[in-house]
Structures are given as C-alpha cells and as structure tokens.
1. Take Ser322 and Lys275, extend 7 Å from each Cα along the Cα→Cβ direction, and tell me the distance between the two endpoints in nm.
2. State, to one decimal in nm, how far the label point of Arg130 lies from the label point of Thr401, with both points 7 Å from Cα in the Cβ direction.
3. Just the number please: accessible area per residue for segment 344-396, 1.4 Å probe, all protein chains included, in Å².
4. Hey, what do the phi angles of segment 171-182 turn into as Karplus ³J(HN,Hα) couplings, whole Hz, using 6.51/-1.76/1.60 and θ = phi - 60°, x for Gly and Pro?
5. Quick check: at a probe of 1.4 Å, how many percent of the accessible area of segment 365-419 sits on carbon and sulfur atoms?
6. Could you please state how large a percent of the accessible area of segment 122-207 is carbon and sulfur, counting protein chains only and using a 1.4 Å probe?
7. Below 8 Å between Cα atoms, with a sequence gap of 6+, how large is the relative contact order for segment 79-184 in percent?
8. Restricting the count to DSSP beta bridges whose residues both fall in segment 139-246, what percent are antiparallel, rounded to a multiple of 5?
Amino acid sequence: MLASRLSQSRAENPGQRDTAHLSRGNVGHRLMSLNRLHNISQHLTMSGHSPSEAEVLLAKSGCAAVITMNRPKALNALNLNMARQIYQQLKLWEEDPDTFLVIIKGSGGKAFCAGGDILAVTNAGKSGDRLAQDFFREEYILNNAIGTYRKPYIAFIDGITMGGGVGLSVHGHFRVASEKTLFAMPETAIGLFPDVGGGYFLPRLPGKLGLYIALTGFRLKGRDVQKAGIATHFVESEKIPSLEKDLTCLKEPTKKDVAEVLDTYQTKSTADEEKPFILAEHLDKINRSIRRTDVQKCLQVASLFTANNVEEIIENLKKDGSSFAQQQLQTLSKMSPTSLKITFRQLKNGSSLTLQEVLTMEYRLSQACMRGHDFYEGVRAVLIDKDQNPKWKPERLEDVTNEYLDSCFASLGGNDLKL
C-alpha cells in the first residue's frame, strides 16, 4: 500500500529536514531570482540546501521549465514546503514570456510522487497544529493552479503515482505514463477519501470506473493507466529522457506542437500494446459473449457499481456471485465505512461540479476527516503499528448516518477554501 511505502521510506530517512517553516518572503525572493534566468546549468533551491538535498528542483531548459520532485527515499512524497515552492514558481513561469511549457517529474527512478506526507498531517491533526489545515488548503490551491494553467503542462508519471501525486499530474494538459507507472487512489483504506480533485476527474472516467477505483483503491499499471483515460499518452520509460530533450528544444511551441511530439513518441512505444485491459481478466463471462474494446468491457464491470448508495453496491456484488464480485466484497469490507460513504457522495456531487467547486468541497471533507476518528486509526494500522487491522468507528455502513455525512459536506464559513 501507499501508506506502507511511505512509512518504510520515512524509516529509511529519519533525519530528513522539514523546511516548511521558511517564510514566503524568503521563498519568493529566491524564486524571483530564478525566474530571471532563462537557461541555467544547475538546479536552484529555495530552502538554503545544496541542490542535491533540495526537496524540489526548479530549472529552465530551453523553452521549458522543469520541476523535479527530489525526495526519492520518501518516493517523492509531497509536503507543504514543496507545494509552496511549486505553486509560487508555476505562477512566475506562467507570466514569463520565455517559458512556453512546464514539465514535472520525479527523481530516483521509482516514483513520480507516491502521495502526501501523511504522517506529518496525522501528527498535526492530533496536536491541533495548523499544518492539518494549511497542507490541504495549499495543496488544493496548487491543484487548481495546475488545472487552470495557461501553458502546456506535462507530467511524466514514470513510476508510483498515488494520492498527492495524482493531484500534481491529472489536472494538467498531458500525463505521460510508462510501463513503470503504478496508479492508485488508496485513501479509503486509511480513513480518508480520494482528494486532490478526485471528485472531479474520477466520475469523468468511462462509466463507473472512477467510482470503482475510488472505493476499492484498485491499482492500474503501465499502459492500463492510459486505457482507463487517466494518462493521455504512453511512452516507454527508456524513451522519456529523449522525449524531455525534444520538448525542451522546441521553438516557441504551442499545445498542438507539444501534442505532436508526444504522439510521435507514443507511436514508437509498443510495449504491452496488445495486452488486454487488466480488468478483463476478472470478467471472463463478459469477454466470451461480447467483443468490445477494453474500456467498453470496463463499462460492463462498472454496472455492478451503478447504485444510489454504497449499500446497494454491496447488494449488487452479493447478487452477482462471481469471483470478481467476491473479491470486491472482500476489499470493501476492509475499508472505512465512513470513507466509503463520503467517497460515494463526493463523486456523485463532483460529477456536475467545476474543479474549483470540487476542491472547495474536498477541503471541507479533509477538515471533517481531521476532526474524526477513522483517519487517525487508519494511519495507525497501516503506517505506525502496521497491524493492518484498523478498528473503524462506526464499524458498519448502516451506522454512518446521512446527518453525519451532511455535516462533513457543510460549509466552513470563513474557513472555506477560496480559489
């Protein structure tokens, strides 16, 4: 699981310094200096670290600006300091006439970004520290900046891409997956919900695929990430450095120019091209009787998830009786009942909302989770004690009342997220 990976990574690097205390003024000053450089030979840092120690690397290369998340031992997990640096620099590059596109990637070869710094948020929420508010607020502001960016934004999701990493990529113009990509939104397993705009992009995937991914935390790998409609392109990992070079060498490129380069590289990438969509293996009876594209097959899977509430989904799965349905029942039984119900309503509401409205809704939900029980219990069970045996409260779906859900979605008044 994502949380397990983050826990292991943190243990391997216990001395990593948190630089979120830096003032915006100091960050802004350094970023302004960076923006005035048109073509630099080394990455600069906003924290006073040497380049090799910086948590996020920001550079110009040819026509492009390049963001590299640089916490490889933590699978490039996003923290508040990183979010602030990326946001401020994105705004500067957006106004820079010599910057024509933005590329974002991860270092270390394993992950694009495996999520947010969950343990830091957990500790802050328990102690009442403002980080539990500030992290979600500023992360969602960054997600919105990416979703409304005026210049081509290309994410190389070449590795693990979960949670916060999804928010850094999925709202941009282009998402390039590789055979190393591992995509998931596993939040219901730790008492959270698929945030960072999940309520916007997930219900817009084919059929009920997004709801299925959101509730179960199902993992997609490699080319399946594109087949599901999450990535816009698939390029073999070994070709990505060459792709980056060709993008940076473009002369005043438009979005169309960027798309043509990406299309060319995708055409040259044939790995797993004929491999069926991963969900097809769970649907033998549908595959035997209906010859359709992989995504259309996925729509047949999703019919089990067409319901008015989570309880109806459970009933659909029980009535179906297939091995696939039984596997989903087993998976859902391990998830936080509260998270499942929040997530169902989040995606239902989000299907007709703008990205900005969704992020406002999700900020309210994030603060409800910080006030509740299951998030802290999920983190304990998965990241801290690692017993994989969370004690959810309440334990049953039917005990998560509509009145409680209404309170989670209620306005925070003056504390609402403003975009």
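1. Here the modelled spin labels are 2.1 nm apart.
2. Spacing of the two 7 Å Cα→Cβ label points: 3.5 nm.
3. That works out to 45 Å² for each residue.
4. My calculation for segment 171-182 gives 8, x, 5, 9, 10, 9, 8, 9, 5, 8, 5, 10 Hz in order.
5. It is 49 percent, rounded to a whole number.
6. 46
7. Contact order relative to length: 33 percent.
8. Looking only at bridges with both residues in segment 139-246, the antiparallel portion is about 20 percent.
The values are calculated or read from the model by the stated rules, or taken from the named source; none is laboratory data. Just so you know, these numbers come straight off a predicted model, no measurement behind them. No Cβ is skipped: glycine too gets one built from the backbone with ideal geometry, and neighbour counts run over all protein chains shown. Surface accessibility is based on the protein's heavy atoms, side chains included, excluding ligands, DNA and RNA. Shrake-Rupley method; radii C 1.70, N 1.55, O 1.52, S 1.80 Å.
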